[in-house]
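**Student:** Below: one structure in structure tokens.
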Amino acid sequence: MTGTVIIIILLIVIVPVSIIMTGLLFSGLLGTILQKEVDRENHGTELYELSQKDFYQEPSS
């Protein structure tokens, strides 16, 4: 009976969390790789300068 409860807890809690965390890691890695590639392709263009701009900074007067 105890083994059954442990397996049910593993299936309900641990497995979904581990799947989500694995997806999170792969998403972060893929995003970083693609961002570096796009920055390399657009270096020196207006698109690159726009992507590096901080839109949350207050405009200077």
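**Student:** Got a sec? Which of Gly3, Gly44 is assigned to a helix (DSSP H, G or I), loosely packed, with under 10 Cβ neighbours inside 10 Å and of a type outside the set (Ser, Thr, Tyr)?
**Tutor:** Working: Gly44 fails: assigned to a helix (DSSP H, G or I).
Exactly one of Gly3, Gly44 is assigned to a helix (DSSP H, G or I), loosely packed, with under 10 Cβ neighbours inside 10 Å and of a type outside the set (Ser, Thr, Tyr), namely Gly3.
**Student:** Looking at segment 47-58 only, could you name the residues that are in a helix (DSSP H, G or I) and polar (S, T, N, Q)?
**Tutor:** Here is the first cut: in segment 47-58, the residues in a helix (DSSP H, G or I) are 47-52.
Result: Ser51, Gln52.
Values in this text are rule-based calculations from the coordinates and carry no lab data. It should be emphasised that the depicted structure is a prediction, and the values quoted were computed from it without experimental measurement. Methodologically, a virtual Cβ is constructed for each residue, glycine included, from the backbone with ideal geometry; neighbour enumeration extends over all protein chains shown.
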